[in-house]
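Contents: one structure, followed by commentary.
Read-outs throughout are calculated quantities, based only on the coordinates presented, and are distinct from any laboratory measurement. Keep in mind it's a predicted model, so treat the numbers as computed, not measured. Don't worry about glycine lacking a Cβ; one is built from the backbone with ideal geometry, like all the others, and counts go over all protein chains shown.
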Amino acid sequence: MAPALAVLALLPQWVPARWHSSDPNTLQLIAGTPVNCLLLNVSEWKGAFIAAAHAQRIAALGVLRAGAQIRREAARARALRLDGLVLEGAVEAADRSAAHSSGLPVIELPDRRGIALDSDAPILGTSEALWPGLEIEHNGKVIAGPSSAPWVNTNAGFLRFLRASTDAVLWVGAAPPPGYIFPAERYEEAIGDAALAGARWIIALDADLERRLYAGERGAVAAWRRIMRCLAYFEEHREWRLYRPHSTLAVVQDVGSGALLSGSLLDMMASQRTPVRVIPARRLDSGRLRGVRLLLIVDPGSLTAAQKKAIEEFQRRGGQTLVPPANWRFPLTRPDQILLTRRQLDEMQDLWELTYNATLRKNFGVRTFNTTGMQSSVLIAPDGNSIIVHLVNYTEYPVESITVQALGAWKRATLYSPEEPARLMSTYPVQDGTGIDIERMGVVATLKLE
């Protein structure tokens, strides 16, 4: 295989981290971790560092942003034997073309609305993302969202839409806000937040932790090892990325009806622990409706004749549909907007009430209890013989006495976490399904039912 083709074949296996050092000695921190791909700013493009990275079988990618001399820098990247380029933000079409003409693999991380959903690129992603965690006021009080639950800043909603829109590997470039110092738990949350949708978070540390880590400070190294342990947890179970969203409830949504926004309908439903399958409107057909019993259509006016026919067939098979009031429209948003404003949330009220009343206290596959301040995702194996429930805790303290109730008679339950070996869990019958109690969990855990 030609070298360029060999690199392309490896792209889906790359586990990325931002690296703000050109000192080859810092590569010792990567040894034994899942990270095998470093994103380097132009100031870190040093031949000795790149050669040392290659010696450790670590790919080195050059990051270029809007305003850079991309044609010139792309030529320099090739001369330095970088393994590829990463274009971040709103890059002009001519600059994008120049990067691709370099002959190096190019990974694009545009603003959300710039994501090419119809692309056949092996990796898609965005640099426009939220730093995950509970929304906290200046007085330390946790803010409640539209669903009345503690509000979680999460990228999971729009990443679920991307996951349903493409078969590419997804990267999300959420960076810690400048000027803050974060504990290791917040980085575990970021890893888990992306993993809820089967995506990879690009590892990025706050400036203080990064400085201390490169200096070998003991506490920083311990935090790094904890972060890497959480990352390894998901990379050692890559088969989970083959699982697909599992729910008898589906939402038909697209870019024009808020699918790329955070804090929108999908995140509202997640805060109520309601599992949902996302169906991009442009991919709606009878096959995508298989196994669905309740279908929420956010923008029925945008459907084509063929899509309407698929929905009519779904209804004839006994499926139920929900549509907003005839005069309701999704709030108008700016092209650069990723979060709904308070006024726009008020305009969402009719749709939210319709959704809330139709889903309240119902089990569409899995229900979880005592999971305030948490997010979950429910996924099913390709053969249908097992499901997994990813749990991510954003509260920064352990949670106890969690209950999971899954539809169906599951015979075996296994709990996985980064902190301890997998262990079998007791199961018991509940109405229409199987119950499992989890005594305690930290930031991330996964329950597998077979």
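Taking amide H as placed 1.01 Å from N in the peptide plane, the amide H of VAL106 sits under 5 Å from that of LEU85, each at least 5 places away or on another chain. Considering only alpha-carbon pairs that sit under 8 angstrom and 6 or more positions apart, the relative contact order computed for the chain is 12 percent.
Ranking TRP410, VAL430, ALA445 by Cα position along the charge dipole of segment 396-450, where only Lys, Arg, Asp and Glu carry charges on their C-beta atoms, puts TRP410 farthest toward the positive end. By the rule of a C-alpha distance below 19 Å, with chain neighbours fewer than 8 residues away ignored, the aspartates and glutamates paired with LYS308 are ASP254, ASP285, ASP299. From the coordinates of this entry, Cα extents along the principal axes in Å is computed, and it appears in (i) 64, 51, 49; (ii) 63, 50, 45; (iii) 56, 54, 42 under the label (i).
Taking a Cβ cut-off of under 12 Å around VAL252, the surrounding Lys, Arg, Asp and Glu residues balance to a net charge of +2, with basic ones at +1 and acidic ones at -1. If you take all other residues with their beta carbon under 14 Å from the beta carbon of LEU303, and give Lys and Arg +1 and Asp and Glu -1, the sum is 0. A convex hull fitted around the alpha carbon atoms of segment 247-359 yields 99 Å³ per residue. In whole angstrom, segment 336-411 maps to an equivalent ellipsoid with semi-axes of 28, 18, 14, each derived as √(5λ) from the alpha carbon gyration tensor and ordered largest first. Within segment 1-105, the GluC sites (Glu not before Pro) that combine a DSSP coil assignment with at most 13 other C-beta atoms in a 10 angstrom radius are GLU92. Each part gets one Cα centre, and for segment 206-224 versus segment 41-68 those centres are 21 Å apart.
Given charges of +1 on the Cβ of Lys and Arg and -1 on the Cβ of Asp and Glu, with all other atoms neutral, how large is the dipole of segment 247-359 about its Cα centre, in debye to the nearest 20?
Numbers: 15 positive and 11 negative charges, 87 e Å.
Roughly 420 debye, rounded to the nearest 20.
When +1 charges are put on Lys and Arg Cβ atoms and -1 charges on Asp and Glu Cβ atoms, the dipole computed for the chain relative to its Cα centre reaches about 760 debye. Taking θ as phi - 60° and the Karplus parameters 6.51, -1.76 and 1.60, the scalar couplings of segment 319-333 work out to x, 9, 10, 10, 9, x, x, 4, 8, 8, 9, 4, x, 5, 10 Hz in sequence order, x denoting glycine and proline.
Note on segment 265-369: dipole from Cβ charges, positive end direction compared against VAL276, LEU322, ILE338; the farthest Cα belongs to VAL276. In a DSSP loop and with at most 14 other Cβ atoms within 10 Å, the trypsin sites (Lys or Arg not before Pro) in segment 389-450 are LYS411, ARG412.
For GLY373, no residue has an amide H sitting under 5 Å from its own, ignoring neighbours fewer than 5 places away on the same chain, with H placed 1.01 Å from N.
Per-residue 3J(HN,Hα) values for segment 253-264, derived from phi via the Karplus relation 6.51 cos²θ - 1.76 cosθ + 1.60 with θ = phi - 60°, read 8, 8, 4, x, 10, x, 5, 9, 8, 8, x, 8 Hz in sequence order (x marks Gly and Pro). Straight Cα distances below 19 angstrom link LYS448 to the aspartates and glutamates ASP193, GLU235, GLU236, GLU239, ASP383, GLU400, GLU419, GLU420, ASP432, ASP437, GLU439, with same-chain residues fewer than 8 positions distant left out. Taking Lys and Arg as +1 and Asp and Glu as -1, the other residues whose beta-carbon sits under 15 Å from that of ALA326 total -1.
Taking the centroid of alpha carbons for each part, segment 69-134 and segment 317-378 are 33 Å apart.
For segment 366-449, the spherically averaged projection of the C-alpha convex hull amounts to 5.2 nm².
Comparing GLY47, PHE364, VAL63 along the charge dipole axis of the chain, the residue lying farthest to the positive side is PHE364, per the Cβ-charge model.
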